[in-house]
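Everything on this sheet refers to the single structure shown next.
The values are calculated or read from the model by the stated rules, or taken from the named source; none is laboratory data. Every value quoted in this text rests on a predicted model; they were computed, and no experiment measured them. Note that each Cβ is placed from the backbone with ideal geometry, even for glycine, and that neighbours are counted across all protein chains shown. The accessibility values were calculated without ligands, DNA or RNA, using every heavy atom of the protein model including side chains. Shrake-Rupley method; radii C 1.70, N 1.55, O 1.52, S 1.80 Å.
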Amino acid sequence: MRAARFDAATGELAVRDVPVPQPGPGEVLVRVAACGICQSDLSQLDGHIRPRLPEITPGHEAAGVVAALGAGVRNRQLGDRVVIAAGKECGECPECLLGGGTDRCEDLQVLAFHYDGAWAEYVLTSAVSLVDVPESVPLEHAAVLADAVSTPYGALDTAQLRPAESVGVWGLGGIGTHLVQLARICGASPIIALDPLESARERAIGLGADFALDPGDPDVAARIAEITGGRGLRAAFDCVGRSTTFTQADAALGHRGRLVLVGISPDRLAVGPEIHFVRNRHTVIGHTGYRMRHLEDLVELTDRGRLDVSGSVSAVLPLDEVAEGIRRLREHEGDPIRILLRP
Ligand SMILES: [Zn+2]
Ligand SMILES: [Zn+2]
């Protein structure tokens, strides 16, 4: 089969012929229909996320069709349309020994980081890491649900968002744009979207933001105060993770406000005067990834027409053009939400 292979020593990525992997006990082989290119893939390619294996196939946002079953797999059939959750349990940590599974494992093994991913014609996965995709949901859309939509959806859960709560979203790339869309579905009100790019702000308005602000505008704090009737935000989501966005988002929180960190950066963060933070009972929570349940919810919402991610498929490229897809994402060419590979 064709697969994009990343060599950690040389830093090179090349599409090559490799053997089709064979499913072991409890595993399933999936014929990949579509797999996204994500910022975190770039982080591994650039060495910001240290590669764990000398050579690996990237790609952790995939959907496809079950092509082979390992021994003992009874919950799956050949031809099942599935979206792949990007993790499997380690089997050895205290939570795994208690039977916690992927949702509780303390050392989750992540697709495309701990084991081969889906920038390939086929990918191996655990039979319990799959969610069914009905015929009504295109596999390209299902691939977008994995990570790009499920991670922000999980972040709303982390914030314990309730309907009619005011929300601010900093950074309107793939994650933040979907966060706005999902906050709308979950009943947040008002929703304030913040990004320096005007095109990203306009897109957020189209997907359900009530207001879109430029975080570089000196009036931004006053605008948020005005929009929230002086109360500040109930929940803020920092999808950038820089100290500047963190500080601005924290300052915009109201009493008992929660700030969820979704973006990843090496910046050091400071909560400012302790008395302010404590008196206002602020919470700062780190968030990463999603649970199987989140992926199931999103397939349900898409199936019923509540959630439409068709606008999130920015381009579909053949696997051989992976380098072109990476270039477009790096250079923000056309401000892509998700570029997909079709092996
Ligand atoms: Zn991703
Ligand atoms: Zn574990």
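Structural remarks
- Within region 258-279, residues that are more than 10 Å from GLY241 (Cα to Cα) sit with their Cβ atoms under 7 Å from residues that are surrounded by 14 or more Cβ atoms within 10 Å (Cβ to Cβ) and of a type in the set (Asp, Glu), at 6+ positions apart or across chains, in these pairs: LEU259/ASP238; LEU259/ASP250; VAL271/ASP250; GLY272/ASP250.
- Test for GLY208: is it touching a Lys or Arg at 6+ places or on another chain (Cβ under 7 Å) and part of a loop (DSSP other than H, G, I, E, B): yes
One line per residue, one yes/no per condition, for (1) touching a strand residue (DSSP E or B) at 6+ places or on another chain (Cβ under 7 Å); (2) small (Gly, Ala, Ser); (3) under 13 Å from GLU121 (Cα atoms); (4) within 16 Å of ligand 2 (Cβ to nearest atom):
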{"residue": "ALA3", "(1), (2), (3), (4)": "yes, yes, yes, no"}
{"residue": "GLU12", "(1), (2), (3), (4)": "no, no, no, no"}
{"residue": "PRO19", "(1), (2), (3), (4)": "no, no, yes, no"}
{"residue": "VAL28", "(1), (2), (3), (4)": "yes, no, no, no"}
{"residue": "ILE49", "(1), (2), (3), (4)": "no, no, no, no"}
{"residue": "HIS60", "(1), (2), (3), (4)": "yes, no, no, no"}
{"residue": "GLY64", "(1), (2), (3), (4)": "yes, yes, yes, no"}
{"residue": "LEU69", "(1), (2), (3), (4)": "yes, no, no, no"}
{"residue": "ARG76", "(1), (2), (3), (4)": "yes, no, no, no"}
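- Some residue of region 88-111 being within 16 Å of ligand 1 (Cβ to nearest atom) and free of Cβ contacts under 8 Å to residues at least 24 places away in the same chain: yes
- Flag if GLU121 is touching a residue at least 12 places away in the same chain (Cβ under 8 Å), out of contact with any Phe, Trp or Tyr (no Cβ under 8 Å at 6 or more places or on another chain), outside the structural domain of PRO336 (by TED's automatic domain parsing) and over 30 Å from THR228 (Cβ atoms): no
- Residues of region 150-162 that are farther than 22 Å from LEU341 by Cβ and within 16 Å of ligand 1 (Cβ to nearest atom): TYR153, GLY154, ALA155.
- Positions within region 108-161 being more than 17 Å from the chain's Cα centre (by Cα) and of a type in the set (S, T, N, Q), in sequence order: THR125, SER126, SER136, GLN160
- The residues of region 80-93 that are near ligand 2 (Cβ under 8 Å from one of its atoms) and either open to solvent by 40 Å² or more (accessible area, probe 1.4 Å) or modelled with pLDDT of 90 or more (or both), listed by number, are GLU89, GLY91, GLU92, CYS93.
- Among the candidates GLN44, GLN39, residue that is under 22 Å from SER314 (Cβ atoms), within 16 Å of ligand 1 (Cβ to nearest atom) and surrounded by fewer than 21 Cβ atoms within 10 Å (Cβ to Cβ): GLN39
- Residue count, region 217-230 (criterion: open to solvent by less than 60 Å² (accessible area, probe 1.4 Å) and assigned to a loop (DSSP other than H, G, I, E, B)): 1
- Some residue of region 58-70 being within 16 Å of ligand 1 (Cβ to nearest atom), aliphatic (A, V, I, L, M) and surrounded by 19 or more Cβ atoms within 10 Å (Cβ to Cβ): yes
- Residue among ASP147, ASP116 that alone is surrounded by 24 or more Cβ atoms within 10 Å (Cβ to Cβ), within 16 Å of ligand 1 (Cβ to nearest atom) and among the acidic types (Asp, Glu): ASP147
- Helices (runs of 4 or more DSSP H) (entirely within region 234-343) containing at least 3 residues that are loosely packed, with under 14 Cβ neighbours inside 10 Å: 274-279, 322-330
- Pairs, first under 18 Å from ILE264 (Cα atoms) in region 149-177, second within 16 Å of ligand 2 (Cβ to nearest atom) and open to solvent by less than 10 Å² (accessible area, probe 1.4 Å), C-beta under 9 Å, six or more apart: SER150/ALA85
- Unique match (being open to solvent by 70 Å² or more (accessible area, probe 1.4 Å) and not in a loop (DSSP other than H, G, I, E, B)) among ARG50, ARG31, ARG104, ARG74: ARG31
- Checking every residue in region 234-253 against the condition of being of a type in the set (Phe, Trp, Tyr) and closer than 17 Å to GLN160 by Cβ gives at least one match.
- Filter result for LEU45 (part of a helix (DSSP H, G or I) and at negative phi): yes
- Taking the listed residues ASP107, ASP103, ASP132, ASP147, the one that is acidic (Asp, Glu), more than 22 Å from SER314 (Cα to Cα) and away from ligand 2 (no atom under 14 Å from the Cβ) is ASP132, with no other qualifying.
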